[in-house]
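Peer 1: Pasting a structure below so you can have a look.
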Amino acid sequence: MKDKTKLVAIGRPHGRPHHPVNQPVERASTILFPTYDDFLDGAKNITYGRLGTSTHRVLQDAVTALEGGYETRLASSGLQACIAALLAFVEAGDHVLMTDAAYDPTRKFCEHFLKRFGVETTFYDPLLSKDEIAGLMKDNTKVIFAETPGSLTFEVQDIPALAAVAQDRSAKLVVDNTWSAGVYLKPIAHGAHVSLQAATKYLVGHSDCLLGTITSADEHTAQKIYYALLQLGSNVSADDAYLALRGMRSLSTRLVQHEENALALAKWLAKRPEIERVIHPAFKSCPGHQFWKRDFTGSTGLFSVVMKPVPLPALKVFFNAFNLFGMGFSWGGFESLALHVHPEKNRTATVWNEEGPTVRFHAGLEDIDDLKIDLERAFRAMDAAMK
C-alpha cells in the first residue's frame with residue numbers, strides 16, 4: 001500500500017462483524033487472565049498497562065508500517081525516544097557520535113547525563129563525508145546519532161553514508177526523523193537501525209499531547225529498545241496514543257498544505273530586504289540539499305531564516321506585531337509559529353557566526369495570503385521601530 005492508504009487503513013479494528021471506525025481507547029493498569037494457562041502465555045500478549053493496551057498496539061503497528069521497520073515502541077515524549085534509543089546501546093566506557101546540529105535537549109543529555117556514567121560523546125559536523133565520519137569512529141563507538149535535517153539550521157545528512165560506516169564498525173545508526181514525519185524520508189530503507197520521531201509534532205498534529213516513537217529495523221535492535229523503555233519505566237497514556245493515531249489519519253493531507261505554505265513563505269521571505277538568507281532543505285542553497293533531493297520525497301513546514309542585523313528592541317517589535325504567528329517551542333501542529341533561536345549557543349564541532357538573528361518558522365494550515373499579511377505587518381512595525 002502507498003503511505004496515504006497506510007495512514008488511513010492500518011491500525012483499525014477490522015475483522016469483527018460489527019466494529020467502530022476507530023480503535024477505542026482502552027485504559028488499564030491491571031490485566032486479568034481467565035485461566036492459569038492464559039497467565040503462563042501472558043508474555044505473548046498484553047500483560048500490564050504500562051506495557052501497553054490494544055490502543056497502543058494499533059498505533060505501534062501504524063507507525064511501523066509508515067516507517068517501514070520491524071517494530072515500533074512508544075515513549076512519553078520525543079526526548080524520551082532519543083534518550084531510550086541511546087541508552088539501549090551504550091554502557092560505561094562506550095562512545096557516541098552525535099550530530100552538532102542535534103535537538104538541544106538530546107545534546108544536553110549526552111553532555112551531562114551520559115558523561116556522569118562514563119559514556120563519552122563526540123559532536124561532529126553534520127556535513128562530514130563518509131571518510132571523515134569513519135575517521136571519528138573509535139573501537140568503543142556504539143552509536144552514530146543523526147538528525148536530518150537539523151531542527152534549527154536544517155543541515156541534511158547523508159544517511160546511506162552514515163549507515164555504511166555504522167555497519168562497517170558494528171555500531172548502530174539512530175536517526176531523528178521528526179521533520180519528515182516518517183512520510184518524506186525512510187531512514188531504515190537507507191540503512192538506519194532506528195528511526196525515531198517526536199510524534200508530538202506531525203503525527204499528533206494538533207499540539208495537544210506529548211509522544212515519541214522508536215521504530216527498529218530488526219528483531220535484535222527492537223529487543224534492545226524494548227528493554228531500555230521497560231527499565232526506564234516508560235509509560236504512554238491510552239488517550240495520548242489514541243490522539244496520535246487519530247492525527248495520523250489526516251497526516252498526508254496536512255503535510256501537503258504544510259509543504260505548500262512553507263515553500264511559498266520561504267520564497268516570499270527570500271525577496272524581503274530584511275532577510276539575509278533562507279535555510280530550507282528544498283532550496284539549493286541549503287547545506288546538504290543534494291541529500292534532500294536524493295533521499296526525500298517532499299518537504300514539511302519547518303525552516304529558518306537569517307535576518308539582517310537588527311537591534312533587539314526592534315526585533316521585539318517584530319515578534320510582538322504578529323496576530324497569526326505564535327511564539328512557541330514546538331511545531332508540527334496546525335498553527336503557524338515563529339521563534340528566535342540561537343544556534344551559536346549549542347555548537348562545538350561547528351561555528352554559527354551569523355551577524356543577524358536566526359528565526360525559525362513553522363508554516364501552519366492558515367491561508368497563505370493571511371500569513372504573508374501578518375509577516376508584512378510585523379516587518380513594517382520593525383522597520384518603523386528602527387527609524
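Peer 1: Could you please find all residues in the range 156-189 being closer than 20 Å to A62 by Cα and not hydrophobic (A, V, I, L, M, F, W, C)?
Peer 2: D176, N177, T178, S180, G182, Y184, K186, P187
Peer 1: While we're here: Just one of R246, R272 is closer than 30 Å to R57 by Cβ and either of a type in the set (K, R) or not in a helix (DSSP H, G or I) (or both); which is it?
Peer 2: Residue meeting the stated conditions: R246.
Peer 1: Among what's in the range 164-175 and is surrounded by fewer than 24 Cβ atoms within 10 Å (Cβ to Cβ) and in contact with a Gly (Cβ under 9 Å, 6 or more places away or on another chain), pick the residue that is farthest from S129 (Cα to Cα).
Peer 2: Step by step, filter the range 164-175, then rank; the result is Q167.
Peer 1: I've got another one for you. Would it be correct to say that H280 is buried (at least 20 other Cβ atoms within 10 Å of the Cβ), within 21 Å of V305 (Cβ to Cβ), of a type outside the set (G, A, S) and in contact with a Gly (Cβ under 6 Å, 6 or more places away or on another chain)?
Peer 2: Working: buried (at least 20 other Cβ atoms within 10 Å of the Cβ): yes; within 21 Å of V305 (Cβ to Cβ): yes; of a type outside the set (G, A, S): yes; in contact with a Gly (Cβ under 6 Å, 6 or more places away or on another chain): no.
Considered against the rule, which asks whether it is buried (at least 20 other Cβ atoms within 10 Å of the Cβ), within 21 Å of V305 (Cβ to Cβ), of a type outside the set (G, A, S) and in contact with a Gly (Cβ under 6 Å, 6 or more places away or on another chain), H280 comes out as no.
Peer 1: Continuing with the same structure: Based on this model, can you work out whether V310 counts as part of a loop (DSSP other than H, G, I, E, B), among the aliphatic types (A, V, I, L, M) and modelled with pLDDT of 95 or more? Lay out the reasoning, then the answer.
Peer 2: On the way: part of a loop (DSSP other than H, G, I, E, B): yes; among the aliphatic types (A, V, I, L, M): yes; modelled with pLDDT of 95 or more: yes.
Criteria met by V310.
Peer 1: Mind checking whether some residue in the range 54-61 is in a loop (DSSP other than H, G, I, E, B) and more than 30 Å from E120 (Cβ to Cβ)?
Peer 2: For the range 54-61, residues in a loop (DSSP other than H, G, I, E, B) and more than 30 Å from E120 (Cβ to Cβ): absent.
Conditions tested, residue by residue: (1) more than 30 Å from R50 (Cβ to Cβ); (2) within 19 Å of the chain's Cα centre (by Cα).
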position	(1), (2)
T253	yes, yes
N261	yes, no
A266	yes, no
R277	yes, no
F319	yes, no
G332	no, yes
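Peer 1: Take L173 and tell me if it is at pLDDT 95 or above and in contact with a Cys (Cβ under 7 Å, 6 or more places away or on another chain).
Peer 2: no
Peer 1: Got a number for residues in the range 91-108 being over 23 Å from P287 (Cβ atoms) and either touching a Leu at 6+ places or on another chain (Cβ under 7 Å) or assigned to a strand (DSSP E or B) (or both)?
Peer 2: The qualifying residues number 1.
Peer 1: If you don't mind, there's one more thing I want to ask. Please go through (1) in contact with a Leu (Cβ under 8 Å, 6 or more places away or on another chain); (2) within 28 Å of V256 (Cα to Cα) for P357 and return the number of the only condition it doesn't satisfy.
Peer 2: (2)
Peer 1: Another question, then. Among all residue pairs at least 6 apart or on different chains, which show Cβ distances below 8 Å where the first residue, located in the range 359-387, is farther than 24 Å from S151 by Cα and the second is of a type in the set (K, R) and at pLDDT below 95?
Peer 2: The qualifying pairs do not exist here.
Peer 1: Taking the residues in the range 313-333 that are under 28 Å from Q157 (Cβ atoms) and at pLDDT 95 or above as candidates, determine which candidate is surrounded by the fewest Cβ atoms within 10 Å (Cβ to Cβ).
Peer 2: G333
Peer 1: Follow-up. For the range 13-49: of the residues being among the aliphatic types (A, V, I, L, M) and in a loop (DSSP other than H, G, I, E, B), which is modelled with the lowest pLDDT? It would help to see each step written out before you state the result.
Peer 2: From the range 13-49, those among the aliphatic types (A, V, I, L, M) are 21, 25, 28, 31-32, 40, 43, 46; that's our starting set.
Then keep just the ones that are in a loop (DSSP other than H, G, I, E, B); that gives 21, 25, 28, 31-32, 46.
Working: V21: 84, V25: 85, A28: 88, I31: 85, L32: 87, I46: 76.
My answer is I46.
Peer 1: Still on this structure, I have one more. Quick check on L324: is it farther than 30 Å from H190 by Cβ, outside any helix (DSSP H, G or I) and not assigned by TED's automatic domain parsing to the domain that holds L152?
Peer 2: Yes; evaluated as a whole, the condition is true for this residue.
Peer 1: A further question follows. Just the residues that are charged (D, E, K, R), in contact (Cβ under 8 Å) with a residue 40 or more places away in the chain and part of a loop (DSSP other than H, G, I, E, B), please, taken from the range 118-155.
Peer 2: Within the range 118-155, D125, K138, E155 meet the criteria.
Peer 1: Select from the range 159-179 the residues that are in a loop (DSSP other than H, G, I, E, B), within 18 Å of I225 (Cβ to Cβ) and either over 22 Å from the mean Cα position of the chain (by Cα) or of a type in the set (D, E) (or both) and list them in ascending order. Can you show your working first?
Peer 2: Of the residues in the range 159-179, the ones in a loop (DSSP other than H, G, I, E, B) are 169-171, 177-179.
Okay, now just the ones that are also within 18 Å of I225 (Cβ to Cβ), so 170-171, 177-178.
Of everything in the range 159-179, just one residue is in a loop (DSSP other than H, G, I, E, B), within 18 Å of I225 (Cβ to Cβ) and either over 22 Å from the mean Cα position of the chain (by Cα) or of a type in the set (D, E) (or both), namely S170.
Peer 1: Six or more apart or on different chains, Cβ under 6 Å: which pairs go from a residue in the range 202-217 that's touching a residue at least 40 places away in the same chain (Cβ under 8 Å) to one that's assigned to a strand (DSSP E or B) and basic (K, R)? Could you list them?
Peer 2: I214/R73
Peer 1: Can you find a residue in the range 45-62 that is within 14 Å of the chain's Cα centre (by Cα), assigned by TED's automatic domain parsing to the domain that holds A228 and closer than 23 Å to Y202 by Cα?
Peer 2: Taking every residue of the range 45-62 in turn, none turns out to be within 14 Å of the chain's Cα centre (by Cα), assigned by TED's automatic domain parsing to the domain that holds A228 and closer than 23 Å to Y202 by Cα.
Peer 1: Let me ask something additional. Just to be sure before I move on: is A338 crowded, with 18+ Cβ neighbours inside 10 Å, assigned to a strand (DSSP E or B) and among the small types (G, A, S) in the structure I sent?
Peer 2: Considered against the rule, which asks whether it is crowded, with 18+ Cβ neighbours inside 10 Å, assigned to a strand (DSSP E or B) and among the small types (G, A, S), A338 comes out as yes.
Peer 1: Here is a further query. Of all the residues that make up the range 194-234, how many are more than 16 Å from the chain's Cα centre (by Cα), assigned to a loop (DSSP other than H, G, I, E, B) and crowded, with 17+ Cβ neighbours inside 10 Å?
Peer 2: Our first condition is that a residue be more than 16 Å from the chain's Cα centre (by Cα); within the range 194-234, this holds for 208, 217-234.
Those left that are additionally assigned to a loop (DSSP other than H, G, I, E, B): 208, 217-218, 233-234.
Then keep just the ones that are crowded, with 17+ Cβ neighbours inside 10 Å; that gives 217, 234.
The number of residues fulfilling the criteria is 2.
The values are calculated or read from the model by the stated rules, or taken from the named source; none is laboratory data. The model shown is predicted, which means the values in this text are computed figures rather than measured ones. Virtual Cβ from ideal backbone geometry, glycine too; neighbours counted across all protein chains shown.
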